[in-house]
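**Q** To start, I am sharing the structure in question, which I have written as structure tokens.
The values are calculated or read from the model by the stated rules, or taken from the named source; none is laboratory data. This is a predicted model, so every value here is computed, not measured. Cβ: placed from backbone, ideal geometry, glycine included. Neighbour counts: every protein chain shown.
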Amino acid sequence: MAALPSLYNTLTRQVEPLVPVRSGEVGVYCCGPTVYDVPHAGHARAALAPDLLVRRLRALGVKVKYVRNITDVDDKILERAARDGEEPLALSNRMATIYREQIRATGCLAPDHEPRVSEHVPQICDIVQRLVARNAAYVVELAPGVRDVYFAVRSFPGYGKLSRRKVDELVAGARVETNAHKRDPLDFALWKGAPAHEWGWESPWGRGRPGWHIECSAMCTHYLGQPFDVHAGGMDLIFPHHENEIAQSEAAYPDQAPLARIWMHNGFLNIDKEKMSKSLGNFVTVGDVFERNDPEALRYFFLTAHYRGPIQFDSEKLADGRVVFPGVDEAERRMDHAFSALLRLNGMVNPNLTVPAKLGPELLGYRDASVRAVKEAEAALDDDLNTSVALAALAELTRLGHELVDSAAKKKKDAGFVAGASAGAQFVLTGMYRIGGQLGLFQCEPEAYRTRTRTRRLRLRGLTAAAIDAKLEERTAARKAKDFAKSDAIRAELAALGVAVHDGGDKSDWTIEQ
RNA sequence: GGCGCGGUAGCCAAGCGGUUAGGCAACGGUUUGCAAAACCGUCACACGUCGGUUCGAAUCCGAUCCGCGCCUCCA
């Protein structure tokens, strides 16, 4: 089997080759969202890195089991639901559906399993019981029949190994939650008791709800076993969430340590130099982006930067009041460019032409360039998912595709070249789709992309295709009559609306800007 | 205070000891009635600052200045 990708491991702080626990099979777990609200752009970015890994591994022929959880039981969900007079699980279910659909739209594969806390309470209780039995956790009775369970942090010697923190320094920081029931301020809740009238589940400790960290420990190992290969999530989860997961799982099953071999963490999406987050109130939702940009453009935008670094997501208010996302706009122009190459190349592929047995050196050049670009992109992805370099390889092929179409148009009287160019187009198309597929781009047909971006841009600019077509007809008539003054005036008028006219022979077409 | 990340040409962003990153913008060209799109070329011997190691440093080491994140719920 081909060598597997290398990944940066937060645990060792270096890039290392992925060595599966079980040969030929890789388990990936990604910490999904707490679904008390619609997803923001940062959530979309977090789903990307594990998706790229899964795509690359599958392209290499590796069997992958990909699990991404949904936290549908949480105090925030309870608060939001109470505020809006909705059942907590109805709220989280509604939000989970939006999350799933929007993340899928950004080109992320559906996970093989999408476990929810509400459906894994028995597994959670199992691991908590095990921790209590091993004296790594203790039960505190708050009221008759109402009990909390806490994890005893100091009972786990490896605590801090992921985040490189020392237990005593954490205490000195004094920013830990004080709670009279805890034996040690560092201890965290595994199970939170709840009175009978409150949202909860029955457990060996009475009614209550699971703590945040324990759910992931329970669900990741339930689906992937312990140890498993890759655990992913946002950088803010390193401490305390992932540190606590490690402590719980490794304390529960010390002979099956580590919990996960590689811990991969994606960087943040910043807005105006600040981390985008709900608590800061500066978030842009995925829905906000989809209003203005194509989902593929959002993905392309994420791919321009390395997943571990921060990415600047800026918004700008135009004079006409429209809010735009310049970075995503630029990415969308790149998608336009790539999709238009695909469209033009598709138009060149002629199934009725027999591919010449011997291709000239010019066309062999296209084949070689295509093969080279794919190799470069794959090598880049194997080096800790270097999407920026993979995108450069894709851009090179895109450019080559346009060039091929241009030269075929110039040599259209040369039947031999045209027949061969069809084969050349196939080479370039294959390369582009091969790279695009591993990056999660080109999720729809080029025609569909053109239609949907055009529709959206018309709506954003308050225009209709019919009105533009009418203007264009008027202009075509003027051109036929050699009334270039009028023709140019109409073009200027359309240009002012963001519509560019393209003249080709006797008929004209138009495109609309973002 | 502890842990960690980053400062690369006008902008975004790879590279991380020697050989072109890539994109956007701008400008010139091919093309066009004029344009647009596409392609070609230029801007680009750029790498926060100061020292050091080296035949050679954006890349390694030290110091220093900025910016940011985590240490409390967060992707």
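**Q** Scan the stretch A:211-220 and give yes if some residue there is more than 14 Å from RNA strand B (Cβ to nearest atom), among the polar types (S, T, N, Q) and under 25 Å from the mean Cα position of the chain (by Cα), otherwise no.
**A** No.
**Q** Across the stretch A:302-318, what is the total count of residues that are assigned to a loop (DSSP other than H, G, I, E, B) and crowded, with 17+ Cβ neighbours inside 10 Å?
**A** 5
**Q** So is residue A:209 in contact with a helix residue (DSSP H, G or I) (Cβ under 9 Å, 6 or more places away or on another chain) and either touching a residue at least 12 places away in the same chain (Cβ under 8 Å) or within 30 Å of residue A:62 (Cα to Cα) (or both) or not?
**A** The answer is yes for residue A:209.
**Q** Could you say whether any residue in the stretch A:159-182 is of a type in the set (Asp, Glu), within 13 Å of RNA strand B (Cβ to nearest atom), over 35 Å from the mean Cα position of the chain (by Cα) and in a loop (DSSP other than H, G, I, E, B)?
**A** no
**Q** Of the conditions (1) over 30 Å from residue A:387 (Cβ atoms); (2) away from RNA strand B (no atom under 12 Å from the Cβ); (3) of a type in the set (Val, Ile, Thr); (4) surrounded by 14 or more Cβ atoms within 10 Å (Cβ to Cβ), residue A:453 fails just one. Which one is it?
**A** (1)
**Q** Give the stretch A:407-417 a look and list any residue that's in a helix (DSSP H, G or I) and surrounded by fewer than 17 Cβ atoms within 10 Å (Cβ to Cβ), or say none. Show your work before the answer.
**A** At the first step, the residues of the stretch A:407-417 found to be in a helix (DSSP H, G or I) are A:407-410, A:415-417.
Hits for the stretch A:407-417 are A:407, A:409, A:410, A:415, A:416.
**Q** State which residue pairs qualify: first residue farther than 28 Å from residue A:118 by Cα and inside the stretch A:20-38, second residue in a strand (DSSP E or B) and acidic (Asp, Glu) in any location, beta carbons under 7 Å apart, and separation of 6 or more residues or different chains.
**A** A:20/A:229; A:21/A:229
**Q** Additional query: Which one is nearest to residue A:199 (Cα to Cα), of the residues in the stretch A:62-90 that are out of contact with any strand residue (DSSP E or B) (no Cβ under 6 Å at 6 or more places or on another chain) and among the aliphatic types (A, V, I, L, M)?
**A** Across the stretch A:62-90, the extreme among qualifying residues is A:78.
**Q** Check the stretch A:7-27 and report whether any residue there is under 21 Å from residue A:231 (Cα atoms), surrounded by 23 or more Cβ atoms within 10 Å (Cβ to Cβ) and among the small types (Gly, Ala, Ser).
**A** Yes, because at least one residue in the stretch A:7-27 is under 21 Å from residue A:231 (Cα atoms), surrounded by 23 or more Cβ atoms within 10 Å (Cβ to Cβ) and among the small types (Gly, Ala, Ser).
**Q** In the stretch A:480-503, how many residues are surrounded by fewer than 17 Cβ atoms within 10 Å (Cβ to Cβ), assigned to a helix (DSSP H, G or I) and within 11 Å of RNA strand B (Cβ to nearest atom)?
**A** The number of residues fulfilling the criteria is 8.
**Q** From (1) within 12 Å of RNA strand B (Cβ to nearest atom); (2) closer than 30 Å to residue A:289 by Cα, pick out the condition that doesn't hold for residue A:346.
**A** (1)
**Q** Which of (1) under 20 Å from residue A:433 (Cβ atoms); (2) touching a residue at least 60 places away in the same chain (Cβ under 8 Å); (3) part of a loop (DSSP other than H, G, I, E, B) is the odd one out, the single condition residue A:351 does not satisfy?
**A** (2)
**Q** Follow-up question, since we're still on this one. Give just the number: which of (1) buried (at least 18 other Cβ atoms within 10 Å of the Cβ); (2) farther than 17 Å from residue A:285 by Cβ; (3) free of Cβ contacts under 8 Å to residues at least 40 places away in the same chain does residue A:135 not satisfy?
**A** Going through the list (1) buried (at least 18 other Cβ atoms within 10 Å of the Cβ); (2) farther than 17 Å from residue A:285 by Cβ; (3) free of Cβ contacts under 8 Å to residues at least 40 places away in the same chain, residue A:135 breaks only (1).
The rows are residues; the columns are (1) more than 13 Å from RNA strand B (Cβ to nearest atom); (2) among the charged types (D, E, K, R).
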residue: A:236; (1), (2): no, yes
residue: A:245; (1), (2): no, yes
residue: A:249; (1), (2): yes, no
residue: A:255; (1), (2): yes, yes
residue: A:282; (1), (2): no, no
residue: A:292; (1), (2): yes, yes
residue: A:304; (1), (2): no, no
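**Q** For residue A:91, state whether it is surrounded by fewer than 24 Cβ atoms within 10 Å (Cβ to Cβ) and out of contact with any His (no Cβ under 7 Å at 6 or more places or on another chain).
**A** Values: surrounded by fewer than 24 Cβ atoms within 10 Å (Cβ to Cβ): yes; out of contact with any His (no Cβ under 7 Å at 6 or more places or on another chain): yes.
Here the answer is yes, as residue A:91 does meet what is asked.
**Q** Could you please give the count of residues in the stretch A:359-406 that are of a type in the set (Val, Ile, Thr), under 29 Å from the mean Cα position of the chain (by Cα) and either surrounded by fewer than 19 Cβ atoms within 10 Å (Cβ to Cβ) or within 9 Å of RNA strand B (Cβ to nearest atom) (or both)? Spell out how you get there, then give the answer.
**A** The first filter runs over the stretch A:359-406 and keeps only residues of a type in the set (Val, Ile, Thr), leaving A:371, A:374, A:387, A:389, A:398, A:405.
Filter once more, keeping what is under 29 Å from the mean Cα position of the chain (by Cα): A:371, A:374, A:387, A:389, A:398.
With the extra rule that they be either surrounded by fewer than 19 Cβ atoms within 10 Å (Cβ to Cβ) or within 9 Å of RNA strand B (Cβ to nearest atom) (or both), the set shrinks to A:371, A:387, A:389, A:398.
Count: 4.
**Q** Another question, then. May I ask you to verify whether residue A:335 is at pLDDT 90 or above, closer than 18 Å to residue A:414 by Cα and of a type outside the set (D, E, K, R)? Walk me through how you get there before you give the answer.
**A** On the way: at pLDDT 90 or above: yes; closer than 18 Å to residue A:414 by Cα: no; of a type outside the set (D, E, K, R): yes.
For residue A:335, the condition - at pLDDT 90 or above, closer than 18 Å to residue A:414 by Cα and of a type outside the set (D, E, K, R) - is not met.
**Q** Only one residue in A:437, A:420 is among the small types (Gly, Ala, Ser) and either crowded, with 21+ Cβ neighbours inside 10 Å or touching a strand residue (DSSP E or B) at 6+ places or on another chain (Cβ under 7 Å) (or both), so which one is that? Write out each step before concluding.
**A** Numbers: A:437 fails: either crowded, with 21+ Cβ neighbours inside 10 Å or touching a strand residue (DSSP E or B) at 6+ places or on another chain (Cβ under 7 Å) (or both).
Sole residue among the options that is among the small types (Gly, Ala, Ser) and either crowded, with 21+ Cβ neighbours inside 10 Å or touching a strand residue (DSSP E or B) at 6+ places or on another chain (Cβ under 7 Å) (or both): A:420.
**Q** Moving on to the next point. Since residue A:35 meets every condition but one in (1) surrounded by 24 or more Cβ atoms within 10 Å (Cβ to Cβ); (2) under 24 Å from residue A:301 (Cα atoms), which condition does it not meet?
**A** So residue A:35 meets the others, but not (2).
Matching residues to (1) over 30 Å from residue A:448 (Cα atoms); (2) surrounded by fewer than 19 Cβ atoms within 10 Å (Cβ to Cβ); (3) among the small types (Gly, Ala, Ser):
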residue	(1), (2), (3)
A:98	no, yes, no
A:110	no, yes, yes
A:121	yes, no, no
A:145	yes, yes, yes
A:153	yes, no, no
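**Q** Next question. Out of (1) farther than 30 Å from residue A:375 by Cβ; (2) crowded, with 16+ Cβ neighbours inside 10 Å; (3) more than 16 Å from RNA strand B (Cβ to nearest atom); (4) not β-branched (Val, Ile, Thr), the odd one out for residue A:467 is which?
**A** Exception for residue A:467: condition (2).
**Q** Being touching a strand residue (DSSP E or B) at 6+ places or on another chain (Cβ under 6 Å) and either within 18 Å of residue A:107 (Cβ to Cβ) or in contact (Cβ under 8 Å) with a residue 12 or more places away in the chain (or both): is that true of residue A:457 here?
**A** It is true that residue A:457 is touching a strand residue (DSSP E or B) at 6+ places or on another chain (Cβ under 6 Å) and either within 18 Å of residue A:107 (Cβ to Cβ) or in contact (Cβ under 8 Å) with a residue 12 or more places away in the chain (or both).
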